[in-house]
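Each remark here refers to the structure printed beneath this line.
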Amino acid sequence: MFKSTVLVMFLMAWRNLWRNRVRTLILISAIGGSYGLSLFSMGMGDDMHGSLADKAGEIAGGHVLVHAKGFHADRESSQIIDAPPALLQLLRATPGVVEVAPRVLIAGLLTTSESSAPIMLQGVDTDREKALFDPTSKLTQGVMPKTGDGGQLGHPIVLGKGVMAELSVKLGDRVVLTSNRADGEVGRALFLVTGVIATGSRDLDRAIAYTNLAGARSALGLKGSQVHELGIVADMTLASETIKTAVLATLNAWDSGPGAQKGGKTVAGKTVTREVLTWQQAMPEIVGFIEIDDAFNYVFLIVLFIIVAFAIANSFLMVVMERVREFGLLSALGVTGPRIAGLLILETAVLTLVSLTAGFLLGFTAHLALQHWGLDVAELYGVEMGVGGIDMGDMVLRSELRPVKWLTATVGAGTLVMLSALYPAWKATRMAPSEAMRFYE
Amino acid sequence: MSALIRVQDVHRTYRQGEIDVHALRGVTVDLDKGEFTALAGPSGSGKTTLLNLIGCLDRPTQGRVLIEEDVISEMTGTDAANYRLQHIGFVFQAYNLIPVLTARENAEFILQLRGVPPEVRKATVMPLLERVGLLDMSERRPHELSGGQQQRVAVVRALAAKPRLVLADEPTANLDGETSEALLDLMLELNKELGVTFLFSTHDSQVIERCRRVIRLRSGQLAQPDEGDA
Ligand SMILES: Nc1ncnc2c1ncn2[C@@H]1O[C@H](COP(=O)(O)OP(=O)(O)OP(=O)(O)O)[C@@H](O)[C@H]1O
Ligand SMILES: [Mg+2]
């Protein structure tokens, strides 16, 4: 009996939907369109945030950073940690860690006989940097400094295009770096220009410079395995907090283990206090931007859907009013109130299903298209675009599908549409059959 | 023989704003099984009100209505709806059919709600549709049928369900003389053949003449004489 009723109700629901084609098509476009749009905008937002996070990790110098306490804020040459090879090896073996790049960071003034330019010089192990950002790929001339390069003629240095222009130097020229040494004295060191780098960001190219670890250490008077920073590249599927915890565990184990004899625990006889930061902690502005952007997107989508839901509720209310006689007839024939409500809800369900299917196809097609072709941000905006110090001018916007988010949006949209039919359906059950009969007169 | 329907001192008062409208004021009447009865009376005399009460669509303010042993005047909501579905056939003045269903689907509607399998439904309905001359129109939607044809489909729907009684509120009011005559013939024949109890309201004196029994209402009360009781 129930099955038979459901069958005829379904038949009626389906045919009722096509009774007013124009209205139904408008509803389907409204629901499907806004749902498709929300999928698409989520896909685009997630991809942008993903790229932003990648970039932020790049700019920060790693997904997790190890410094001497205070270095992140003060950037003093004297804020040093010790990173002997055995400790680096141990860190590289820590679960979730892909690579560990030791760095010596120097803010200094580079001078020639004619001019000078402020630079941010990084003493790096080029091979270790590749996992995060490979400077070699951005070289326009020369080569990156290798471990062991350098000597009497000066340590090798690669300069940003802008720095080269500022100093009007060329490959093979010598430059002098003036900076604060670790002992507090002002020091000078001789470097030999061996390469030119162009990152694509004009600001960055006016300050960037690379040398090897030995070159940077000798400029600052650092010893052995002393560095300012360990940039840890992590498996991005894991949360950076997880990696941070693992890194801290490894460091603690090292300090209390036998390996600590080989260094790493103390610098110049004093125990160092280390500071381990995730990139989110190192670049809170980016995290803030992503959060605000996400929140804005959510609010926008929710408002959009509430408007659509009201339009649907209104439209269904009109349907109920138009069909008072029909509902009265059904009621007189013995269809109970709940089943009449069920009929309307079934109609809404069919409408929702059709709309969401259409919307999904729309959103998914747009997602695939964007994923395939991408959208060049620079071309789109025509100007340099940046967020929290991150240049996004070279970014190509694509789309990223996060199944859980899409599912949530689908369930949310479906639920909202269904909810909007509840009041009209309830209205329809409030009809006394005898009252409905009076409409004949 | 005990009556099929017993209406016992029924009152129905509508509240319209500040004033009470006494649509029925103490009506007592019995109907036997197989009777073919007209409910006559001027406009506003309470015919529709009484049919609604007997049809379990409305409840009296006072008094009782029984069908066999069931006190239908006390049924509400789902119980009333189920009672209508199982026991009462309706033919209304107009707008009888569900617009999105075909003539056949409309005729089968009650049976379908009762869970009768499709083959049985068809076997029940098709001969009746043939009987009322609508066999070749069975797949048409209501808007593709004339008023008289729609009324006939409604009669088929009511009869196919084999109800205890069929109630019709001015079934011929929207039809021309010839068509209403034909519909009346049809109902009379079916009443004879199948023994279905009919009660319908009407204004039409030609229709009233052909009924075996006439109940006359005036201002919500029975007007004497009630020929059937004589
Ligand atoms: N829902 C209602 N609210 C208020 N008054 C009503 C309502 N329904 C009917 N009435 C009043 O009750 C009285 C009886 O109405 P009813 O419809 O039963 O008359 P009727 O005999 O069927 O008339 P007609 O021949 O015009 O159909 C009338 O005075 C009518 O105005
Ligand atoms: Mg009436």
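The values are calculated or read from the model by the stated rules, or taken from the named source; none is laboratory data. Treat the numbers as computed from the prediction; the structure is a model and nothing was measured. Backbone-built Cβ (ideal geometry, glycine too); neighbour counts: all protein chains shown.
Here are a few things to note about the model shown:
- Listed by first and then second residue, the pairs linking a residue in the range A:356-375 that is within 16 Å of residue A:45 (Cβ to Cβ) to a residue that is of a type in the set (Lys, Arg), with Cβ atoms under 6 Å apart and 6 or more places separating them unless they lie on different chains, are A:370/A:398; A:371/A:398; A:374/A:398.
- Checking each residue in the range B:22-48 for being within 14 Å of ligand 2 (Cβ to nearest atom) and over 21 Å from residue B:208 (Cα atoms) picks out B:23, B:24.
- For the criterion of being surrounded by fewer than 18 Cβ atoms within 10 Å (Cβ to Cβ) and among the small types (Gly, Ala, Ser), residue A:215 fails.
- Test for residue A:301: is it in contact with a helix residue (DSSP H, G or I) (Cβ under 7 Å, 6 or more places away or on another chain) and aliphatic (A, V, I, L, M): yes
- Residue in the range B:38-45 that is within 12 Å of chain A (Cβ to nearest Cβ), modelled with pLDDT of 90 or more and within 15 Å of ligand 1 (Cβ to nearest atom) present: no
- Of the set (1) in contact (Cβ under 8 Å) with a residue 12 or more places away in the chain; (2) within 13 Å of chain A (Cβ to nearest Cβ); (3) within 16 Å of ligand 2 (Cβ to nearest atom), all apply to residue B:56 but (3).
- Qualifying residue in the range A:18-36 (condition: touching a helix residue (DSSP H, G or I) at 6+ places or on another chain (Cβ under 6 Å) and within 14 Å of chain B (Cβ to nearest Cβ)): yes
- Every pair of residues 6+ apart whose Cβ atoms lie under 6 Å, when the first sits in the range B:161-182 and is within 12 Å of chain A (Cβ to nearest Cβ) and farther than 16 Å from residue B:210 by Cβ while the second is at pLDDT 85 or above and within 12 Å of ligand 2 (Cβ to nearest atom): B:167/B:51; B:169/B:48; B:169/B:51; B:169/B:92; B:169/B:201
- Checking each residue in the range B:72-95 for being facing another protein chain (nearest Cβ under 7 Å) and within 16 Å of ligand 2 (Cβ to nearest atom) picks out B:90, B:92, B:93, B:94, B:95.
- Highlighted here would be helices (runs of 4 or more DSSP H) found entirely within the range A:314-397 that include at least 1 residues which are away from chain B (no Cβ under 14 Å), modelled with pLDDT of 80 or more and within 30 Å of residue B:54 (Cα to Cα), but there are none.
- Which listed residue, of B:16, B:112, is under 29 Å from residue A:340 (Cα atoms), buried (at least 16 other Cβ atoms within 10 Å of the Cβ) and either within 20 Å of the chain's Cα centre (by Cα) or polar (S, T, N, Q) (or both): B:112
- At least 3 residues being over 25 Å from residue A:332 (Cβ atoms) is the threshold, and among the helices (runs of 4 or more DSSP H) wholly inside the range B:123-230 those reaching it are B:177-194, B:205-209.
- Sole residue being within 30 Å of residue A:244 (Cα to Cα), of a type outside the set (Val, Ile, Thr) and at pLDDT 90 or above, chosen from A:131, A:117, A:107: A:107
- Looking at A:10, A:40, just one residue is touching a residue at least 60 places away in the same chain (Cβ under 8 Å), aromatic (Phe, Trp, Tyr) and within 14 Å of another protein chain (Cβ to nearest Cβ), and that residue is A:10.
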